[in-house]
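Here is the structure we will look at.
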Amino acid sequence: MRIGIDLGGTKIEGIALDTTGAIRERLRVPTPTGTYEESVAAIAGVVTEVERRIGQRCSVGIAHPGAISPATGLIKNANSTRLNGRPLKADLEQALAREVRLANDANCLAISEAADGAAAGYPIMFGVILGTGVGGGVVVDGKGLEGAQAIAGEWGHNALPQPRDYERPGPQCYCGRMGCIETWLSGPRVKDQFAARTGRQMQATEIADAARAGDAEAAAQIELYCDRLARALASVVNLLDPHAIVLGGGLSKIERLYERVPQLWTRYIFSEPESIATKLLPPKYGDSSGVRGAAWLWPEEK
């Protein structure tokens, strides 16, 4: 049995997978908003509880924001900034008294969806996290790419392509730069944008629901989101030319994205509009794709 853990900005999800890939147990708890140590304890608590429920000790894989620096072994680039500079792998191994495997959450999403999910059979795929943060992962011929700095796929910290005058220089990002894709496309930032324009406090998915119900202000916000996402993904297509892009994270539930973004990205992709073959797909496993990928960081039974 394998346990996968997805350390998200708002929730920690744990699952136990059997050898067939079926989920035998699932647990979700809120992500602590306090200290780093509280997050480590919460992850260990989820593992302990899942193992108690299934009555078996398991291997453990963790999907986390950011990356483990090849130079230091410490977490870097996490939008949950309390993780940065911390030895998360070592601390979890001490807390759980076993080896633990960790990978970037978007990489786990991409591996899961490329293996037997929405992008199964596609030679090159790009997996996207659209949630509390914005991340990405690349899979080529079934193998995830990590890169020299362990940052392959981190499109969220490039600047929004082809910014309009009113989008310059862009919002401040936690990474210290201005106008990162994440500052335009993450769920919390969409909520802030809508509140600034309308004075109304709504989550991104609530805005999408209101747009579908005929709310003109919400519809305008979603159309703007679609255009920004189209510009951002077009830059990925121009660089990687993937056969499929799979969206994950909470905003992947917005159905409008899968129709409108491919219509809009024809303006920005360096190819004839009628020849663009890249598919934009919802995740087969929903918001559990990342946690499934984490479980499969142990490909063989331990």
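Among the residues of region 24-41, the ones that are of a type in the set (A, V, I, L, M, F, W, C), surrounded by 17 or more Cβ atoms within 10 Å (Cβ to Cβ) and closer than 18 Å to Ala95 by Cα come to 1 in all. Looking across region 104-133, just one residue is among the β-branched types (Val, Ile, Thr), at pLDDT 95 or above and under 18 Å from Ile62 (Cα atoms), and that is Val128.
Taking region 266-288, which residues are over 19 Å from the mean Cα position of the chain (by Cα) and among the small types (Gly, Ala, Ser)?
Residues of region 266-288 that are over 19 Å from the mean Cα position of the chain (by Cα), as a first pass: 266-278.
Answer for region 266-288, where residues must be over 19 Å from the mean Cα position of the chain (by Cα) and among the small types (Gly, Ala, Ser): Ser271, Ser275, Ala277.
Gly142 satisfies every condition listed in (1) in contact with a helix residue (DSSP H, G or I) (Cβ under 8 Å, 6 or more places away or on another chain); (2) surrounded by 15 or more Cβ atoms within 10 Å (Cβ to Cβ) except (2).
Listed by position, the helices (runs of 4 or more DSSP H) contained in region 151-231 that have at least 1 residues being exposed (fewer than 15 other Cβ atoms within 10 Å of the Cβ) and at pLDDT 95 or above are 187-198, 204-212.
Flag not set for Ala110, criterion: aliphatic (A, V, I, L, M), crowded, with 20+ Cβ neighbours inside 10 Å and assigned to a strand (DSSP E or B). Restricting to region 26-59, and then to whatever is part of a helix (DSSP H, G or I) and β-branched (Val, Ile, Thr), can you tell me which residue is farthest from Arg292 (Cα to Cα)? Per the criteria, the residue is Val40. When every residue of region 245-264 is checked against the conditions, none turns out to be on the phi < 0 side of the Ramachandran plot, part of a strand (DSSP E or B), surrounded by fewer than 21 Cβ atoms within 10 Å (Cβ to Cβ) and modelled with pLDDT of 95 or more.
If I ask for residues that are assigned to a loop (DSSP other than H, G, I, E, B) and of a type outside the set (Gly, Ala, Ser), which ones from region 1-25 would you list?
Hits for region 1-25 are Met1, Thr10, Asp18, Thr19, Thr20.
The values are calculated or read from the model by the stated rules, or taken from the named source; none is laboratory data. Please read these numbers as outputs of a predicted model, since none were measured by experiment. Glycine gets a Cβ as well: all are built from the backbone with ideal geometry, and neighbour counts include every protein chain shown.
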